[in-house]
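Just dropping this structure here.
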Amino acid sequence: MRASAFGLLALVFVILSVAAPSSALGQLWSQGRSQAAPAAFRDDPSVYIDINRGGGRKYNIAVTDLLPQAEGGRVDQNAAGLPNRLAKNLVMTGLFNSLDQRSYLEPEAMKRAGLEGGAGSLPEFPSWSKIGADFLIKGTMSAPGSRLTLDMRLFDVGLGRQILSQRYTGPVKDGRKMISQFTNAVLEAITGLPGVFGSEIIFASGPPSTKIIMLTELGSDDAVQVAGHKGGPSTQPTIGPRGRKAWVRRNNKAWELVVDGKVISSGDTHLSPGFRPDGEVAASVSGPQSTDIYLFSGRNKTRLTTAGGINVSPTFSPDGSRMAYASDQGGVVSIYVAPAGGGPGQPLVTGAKATDPAWSPTGEYIAFVGRETDICIIRPDGTGLRQLTGGQGANQRPSFSPDGRMIVFSSTRNGRPQLFVMAANGDSQQPLMPDYTPPQEQPYWSPVRPQ
């Protein structure tokens, strides 16, 4: 007899919550001991930090409060608030330490040095070298009425020179967005690659029976509602090419797959949609004997998994040729990789439970959740297995930033579901929106880079 949609949904989550014994976890971890050789250091004198090396030291950066553009002018709360946001952004990347302003030794008479323009106007670098600063950021602001102008400068302390100067003008309310843009410019000047601050992160929020879909940005402290439904929860959101959005929702007794605000499939239990690079969406649908992944084209669907059991959470390689997903076809829920057009899947990890796969946009790694508590990464060929979180609550649903340098995930380490971000090597784990109090779960990072 066919199980009800609600019963099958419960079965899915029961299966995904079965823990493997600790010896199995050791077997899982032991698989990834051998790692491929690291990428060679890029011989580019304009690049200060080679992000491909990994494991290098963090660089110390000093960010001063903003001064008035005209000497003797006035500033407002943005004079301290925006530099504080900038410092948080840079620390969030895992590349920098932000020096405590209480350690600054710059003489009062030199605070405007480096802000007036001209070759003779440079900061007093020895006072910054003494406190270990590698880089220095100074700036000015002007906020007449509702307009804001920021003049921001980045200096190399060791070489004693300015390496970046940017001006931003717009509404005062866009000050945070200006800082995101400058963060990206700083990262490009120092690493050779622009940052992704301002890129979108979608997530689910609220009680289980009334969840809604929310959207925030990297570098923001707040979120806006994208979708909700009176008939039941909206959950498991994702973002695809060109900012397309998909999620599943319960509409009274039916489950629906929603893409760009339109229902394209309904009835049986629908789970875990994921976009292919070409914009087509795949999702899991329950059947009489199994839960399988289907590719949807409008209201038509093509079955991609045929091995039986429960198959969920499709994620695709950047070239669109392969699909990773979670399946219990081998007895223990694990990660499998198969051709994107369908076909037999090969296990990527074995011996311990693994769920929630997410393919990096660089193609180098697949992130997943090991034993439903910790974020791990592994190469698609099964090498390079690393555990990134440990001993800090339940950490779930990892998703890579558009450049592959960071990962967002949900964590209960602070006693409530909350979004965290970390560098892709597991460093600098911190809340994405520390003062945002509603529950935050099931994040997904848009593959679209900020403009």
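The values are calculated or read from the model by the stated rules, or taken from the named source; none is laboratory data. Just so it is clear, the model here is predicted, and its values are computed rather than measured. Don't worry about glycine lacking a Cβ; one is built from the backbone with ideal geometry, like all the others, and counts go over all protein chains shown.
When the residues of segment 276-318 are filtered to those that are within 17 Å of Tyr444 (Cα to Cα), free of Cβ contacts under 8 Å to residues at least 60 places away in the same chain and among the hydrophobic types (A, V, I, L, M, F, W, C), which remaining residue is surrounded by the fewest Cβ atoms within 10 Å (Cβ to Cβ)?
It comes out as Phe316.
Given (1) hydroxyl-bearing (Ser, Thr, Tyr); (2) surrounded by fewer than 19 Cβ atoms within 10 Å (Cβ to Cβ); (3) more than 28 Å from Gly404 (Cα to Cα), where does Ser321 come up short, assuming only one miss?
Every listed condition holds for Ser321 apart from (3).
This table checks each residue for (1) assigned to a loop (DSSP other than H, G, I, E, B); (2) on the phi > 0 side of the Ramachandran plot; (3) modelled with pLDDT of 95 or more.
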site	(1), (2), (3)
Ile335	no, no, yes
Gly342	yes, yes, no
Ala358	no, no, yes
Glu364	yes, no, yes
Ala367	no, no, yes
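Another question, if that's okay. Can you pull out every residue in segment 97-122 that is touching a residue at least 24 places away in the same chain (Cβ under 8 Å), in a loop (DSSP other than H, G, I, E, B) and farther than 15 Å from Pro83 by Cβ?
Within segment 97-122, Leu105, Arg112, Leu122 meet the criteria.
Can you tell me how many residues in segment 68-101 are of a type in the set (Lys, Arg) and at pLDDT 95 or above?
2
Out of segment 281-318, which residues are part of a loop (DSSP other than H, G, I, E, B) and either within 17 Å of Pro339 (Cα to Cα) or touching a Gly at 6+ places or on another chain (Cβ under 9 Å) (or both)? Working first, answer last.
Going through segment 281-318, the residues part of a loop (DSSP other than H, G, I, E, B) turn out to be 287-290, 298-299, 304-309, 317-318.
Across segment 281-318, the qualifying residues are Gln289, Ser290, Leu304, Thr305, Thr306, Ala307, Gly308, Gly309, Ser317, Pro318.
Of the conditions (1) assigned to a strand (DSSP E or B); (2) without any contact (Cβ under 8 Å) to a residue 60 or more places away in the chain; (3) not hydroxyl-bearing (Ser, Thr, Tyr), Ala326 satisfies every one except a single condition; which number is it?
The single condition Ala326 does not satisfy is (2).
Where residues in segment 247-306 are among the acidic types (Asp, Glu) and farther than 21 Å from Phe203 by Cα, which of them is farthest from the chain's Cα centre (by Cα)? Don't jump to the end; show me each part of the working.
At the first step, the residues of segment 247-306 found to be among the acidic types (Asp, Glu) are 256, 260, 268, 278, 280, 292.
Applying the additional criterion that residues be farther than 21 Å from Phe203 by Cα yields 268, 278, 292.
Numbers: Asp268: 31, Asp278: 21, Asp292: 27 Å.
Applying the filter and picking the extreme gives Asp268.
Going by the conditions given, is Tyr444 under 28 Å from Pro207 (Cα atoms), within 13 Å of the chain's Cα centre (by Cα) and not charged (D, E, K, R)?
Numbers: under 28 Å from Pro207 (Cα atoms): yes; within 13 Å of the chain's Cα centre (by Cα): yes; not charged (D, E, K, R): yes.
For Tyr444, the condition - under 28 Å from Pro207 (Cα atoms), within 13 Å of the chain's Cα centre (by Cα) and not charged (D, E, K, R) - is met.
Please go through segment 125-144 and pick out each residue that is under 14 Å from Ala113 (Cβ atoms) and among the β-branched types (Val, Ile, Thr).
Initially, segment 125-144 is screened for residues under 14 Å from Ala113 (Cβ atoms), giving 125-128, 136-140.
Result: Ile137, Thr140.
Are any residues in segment 313-338 touching a helix residue (DSSP H, G or I) at 6+ places or on another chain (Cβ under 9 Å) and under 13 Å from Asp292 (Cβ atoms), and if so, which ones?
Asp328
Moving on. From the list Leu388, Leu419, which residue is touching a strand residue (DSSP E or B) at 6+ places or on another chain (Cβ under 8 Å) and within 24 Å of Thr235 (Cβ to Cβ)? Lay out the reasoning, then the answer.
Numbers: Leu388 fails: within 24 Å of Thr235 (Cβ to Cβ).
Matching residue, one of Leu388, Leu419: Leu419.
Determine, yes or no, whether Gly132 is in the same structural domain as Val408 (by TED's automatic domain parsing) and in contact (Cβ under 8 Å) with a residue 12 or more places away in the chain. Even if it seems obvious, please write down each step before you answer.
Values: in the same structural domain as Val408 (by TED's automatic domain parsing): no; in contact (Cβ under 8 Å) with a residue 12 or more places away in the chain: yes.
The answer is no for Gly132.
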